[in-house]
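Notes to accompany the following structure.
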Amino acid sequence: MKLYDAMAPNPRRVRIFMAEKGIELPIEHLELMEGQSRKPEFMAKNSLGETPVLELDDGRYLTESIAICRYLEHLYPEPTLFGKTAEEQAFVEMWTRRMEQLIMGPFGAFGIHSFEFFADKIEQVPAYAETQMRLIPKRWAWLDTEISDGRPFIAGDAFSVADITGAATLMIASFISYEIPADLKHVSAWANRI
Ligand SMILES: N[C@@H](CCC(=O)N[C@@H](CS)C(=O)NCC(=O)O)C(=O)O
């Protein structure tokens, strides 16, 4: 197996996941800002031109960070990051989707609709980017209330892949100099904890 990696939030999710499990794989680093993921040889591996990509031993290419993490979880079960029991797995799934769509999503939409880098990838709507920036503090406030029940991690008592998506979101936040509102004490404590 081989990981196609880059200095960006989604590949970072896979790298954190691998680090938590002590997984070491051959890694090829791509410079996204130089357009390396959009070159034909890489598009042949992932037609979306995005990282991360995991090259399997049979020559197939697995994309989507969570799919890659789920595959690695099967190969390297310990420590479990997708939950062990049916209930744990269901709540990790629930929170992974919520963290991706509701917490990471607005940052991604803001970036895609405002950074020059994405100008030829989609039709950018700057006003939509502004709505996403206004949405971000509301979503963090929502998360703060959700985790105000004293749970240490996003999906419950155990650190999971849902926290890893949160960690990647903190990376995007710091990249655009966005600070989590200080009055959100549960989210702030969680961010410090992870
Ligand atoms: N849904 C995909 C998103 C992958 C993605 O957006 N990757 C970005 C880095 S965070 C990328 O490689 N972008 C390259 C480009 O747009 O040129 C996942 O979860 O892995």
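What is the distance, in nm, between label points placed 7 Å from the Cα along the Cα-to-Cβ direction at Glu31 and at His186?
Modelled inter-label distance: 4.5 nm.
Tell me the relative contact order for region 86-193 as a rounded percent, counting alpha carbon contacts under 8 Å between residues six or more apart.
The value is 31 percent.
Set the Förster distance to 35 Å, then compute FRET efficiency between Ser177 and Leu75 from the Cβ-Cβ distance, nearest 0.05. Before the final figure, lay out each step's value.
On the way: r = 38 Å, r/R0 = 1.08.
Once rounded, the FRET efficiency stands at 0.40.
Over region 17-160, give the accessible area per residue in Å² for a 1.4 Å probe, as an integer.
On a per-residue basis, region 17-160 sits at 57 Å².
Over region 13-90, what percent of the accessible surface lies on carbon and sulfur atoms, probe 1.4 Å?
53 percent
If you take every residue apart from Pro152 with its C-beta less than 15 Å away from the C-beta of Pro152, what net charge results, scoring Lys and Arg +1 and Asp and Glu -1? If you can, show how the numbers build up before the last one.
Working: positive: Arg151, Lys185, Arg193; negative: Glu88, Asp144, Glu146, Asp149, Asp157, Asp163.
In short, -3.
Near Lys185, which lysines are there with a Cα under 21 Å away, not counting those fewer than 8 places off in the same chain?
Partners found: Lys138.
Kirkwood hydrodynamic radius, the chain, all distinct C-alpha pairs: what's the number in Å?
It is 17.6 Å.
Please find, in a Gaussian network model of the chain (springs between Cα atoms separated by less than 10 Å), the residue of Pro106, Pro137, Pro181 whose mean-square fluctuation is greatest.
Looking only at Pro106, Pro137, Pro181, the largest GNM fluctuation is found for Pro181.
Roughly what % antiparallel, to the nearest 5, for the DSSP beta bridges in the chain? Write out the running numbers ahead of the final one.
Numbers: 7 of 11 bridges.
Beta bridges within the chain, antiparallel portion: roughly 65 percent.
Return the FRET efficiency for the residue pair Met7, Ile194: r is the Cβ-Cβ distance, R0 is 22 Å, and the value is rounded to the nearest 0.05.
0.65
For region 2-75, what is the relative contact order in percent, using Cα pairs closer than 8 Å and at least 6 residues apart in sequence?
Relative contact order for region 2-75 comes out at 35 percent.
If you take every residue apart from Pro9 with its C-beta less than 13 Å away from the C-beta of Pro9, what net charge results, scoring Lys and Arg +1 and Asp and Glu -1? Before the final figure, lay out the partial values.
Details: positive: Arg12, Arg13, Arg15; negative: Asp5, Glu50, Glu100.
Within the 13 Å Cβ shell, the charges total 0.
So for the chain, averaging the separation of alpha carbon pairs under 8 Å that are six or more residues apart and normalising by length, what relative contact order in percent results?
So the answer I get is 20 percent.
When we measure straight from the Cα of Lys84, which lysines land under 25 angstrom away, once same-chain ones fewer than 8 places off are left out?
Within reach: Lys21.
Kindly work out what percent of the DSSP beta bridges joining two residues of region 2-75 are antiparallel, to the nearest 5.
If we restrict to bridges inside region 2-75, about 60 percent are antiparallel.
The values are calculated or read from the model by the stated rules, or taken from the named source; none is laboratory data. As the structure is a computational prediction, the values presented were derived from the model and not from experiment. Here Cβ is always computed from backbone atoms with ideal geometry, including for glycine, and neighbour counts include all displayed protein chains. Each accessible area value is taken on the protein alone, full model and side chains, heavy atoms only, with ligands, DNA and RNA left out. Shrake-Rupley method; radii C 1.70, N 1.55, O 1.52, S 1.80 Å.
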